[in-house]
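As C-alpha cells, the structure follows; a few thoughts come after it.
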Amino acid sequence: MLLYIGEDDLALAAGMKFTLEREEYEVETFGTCGALREAMGRRKPDLLLLDWNLPDGDGLELCRRIKEQEDIPALMITARDLEIDQVMCLEGGADDYIAKPFSLSVLKARIRALLRRSGGQSRSGEEGAVLRSGNLWLDIKRMRAFRGEEELDLSPTQLRLLQYFLENKNQVLLKEQILERVWDKDGMFVEENTLSVNVGRLRKKIGDDDPDCGRIKTIHGMGYLWEET
C-alpha cells in the first residue's frame, strides 16, 4: 500500500515514514504542495496524509482538489485542535483528522481504519492489497491466503480472522474486539467458544509451528496476539 505524506516538518515526516515502513507500507514524503501534486501525476497513492499548513499552499485546499478528481482517502494532520477546525477539515473533503502532537500508535490505527473503509484496495498499480507475515500472505482483494506458493484452504470466517490478525501484528486483540470485527457484521451472536474453535482451526491450517509465518499466541484472560518472528 502506497502512502503519500505532505509535511514540511522534516523530523516529523521522517519519524512517520520510519514507523509506517515498519508496518510494511510504502511511504513517500513531500515538503510542499507542488511536490506532492507532481508525484500525483506520476503515481496515485492509496492514502494521503496532509499537513494543513504547507510552505507553498493550503493542505486542506489541496486535499479538496485531489478528492474532486480521485477517490483517495485523506487524513489531515495539523496543530489546529478547535472543534471548528475539525468541522472545516471534514467538510473540506478530508476523511479523518488528527491533531499534533499525536501518538504514532493512534496514527497507525487511524490509517488502518481509513484503508478498511475504502475497501483496502491498492490504487498504485498492484493487483490487490496484500498483508504479509514472513512467507504467509493474504490477498485482500480476492480474499485468498497463501504460504509461499501454496494456497491455504480457509473458510470466509477464517480469512476475516487472519486479515484482522495481520492488520494488527504484535498487538494484543481482546476477544470482544475480535468477535465484533469478525462476526458482528453478519448480525450474529457468537460465543467465545466459537472464537477459540476457529482460532484452533486457523492455527492448524497455516502451520502455527512454522517460524517463517508468525504464529497466533494466546494471551490468557484477554485474547490473542499475532506474533511475527
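The values are calculated or read from the model by the stated rules, or taken from the named source; none is laboratory data. On a predicted model such as this, the values are computed, not experimentally measured, just so you know. Using ideal geometry, Cβ is built from the backbone for each residue, glycine included, and neighbour counts are taken over all protein chains shown. These accessible areas exclude ligands, DNA and RNA; they are computed on the full protein's heavy atoms, side chains included. Shrake-Rupley method; radii C 1.70, N 1.55, O 1.52, S 1.80 Å.
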*If you look for lysine pairs in the chain that are eight or more places apart or on different chains, how many of them have Cα atoms under 20 Å apart?*
18
*What is the spin-label model distance, in nm, from Arg142 to Leu174 if the labels are put 7 Å beyond Cα along the C-beta direction?*
3.7
*Go ahead and collect, in residue order, the members of segment 77-108 whose backbone nitrogen is under 19 Å from a label point 7 Å along the Cα-Cβ direction of Thr19.*
77-81, 95-108
_From the coordinates shown, Rg/Rh (Cα atoms, Kirkwood Rh) corresponds to which of (1) 0.92; (2) 1.16; (3) 1.01_ = (3)
_Using the basic label-point model (7 angstrom from Cα toward the beta carbon), what is the His220 to Asp153 distance in nanometres?_
3.4
_With a cap of 13 neighbouring Cβ atoms within 10 Å, and only residues DSSP puts in a loop, list the trypsin sites (Lys or Arg not before Pro) found in segment 29-123._
Arg43
*What is the distance, in nm, between label points placed 7 Å from the Cα along the Cα-to-Cβ direction at Glu91 and at Ala109?*
2.8
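Can you tell me the accessible area per residue over the chain, all protein chains present, probe 1.4 angstrom, in square angstrom?
Details: 11630 Å² over 229 residues.
Value returned for the chain: 51 Å² of accessible area per residue.
Relative contact order of the chain: what whole-number percent is it, with Cα pairs under 8 angstrom and at least 6 residues apart? All intermediate terms of the calculation are to be shown ahead of the outcome.
Values: 361 pairs, mean separation 30.7, N = 229.
Rounded, it is 13 percent for the chain.
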*asked:* At 1.4 Å probe size, with the rest of the protein present, what percent of the exposed accessible area of segment 1-49 is carbon and sulfur atoms?
replied: 51
*At a Förster radius of 30 Å, what calculated FRET efficiency corresponds to the Cβ-Cβ distance of Asp212 and Asp9, to the nearest 0.05?*
0.20
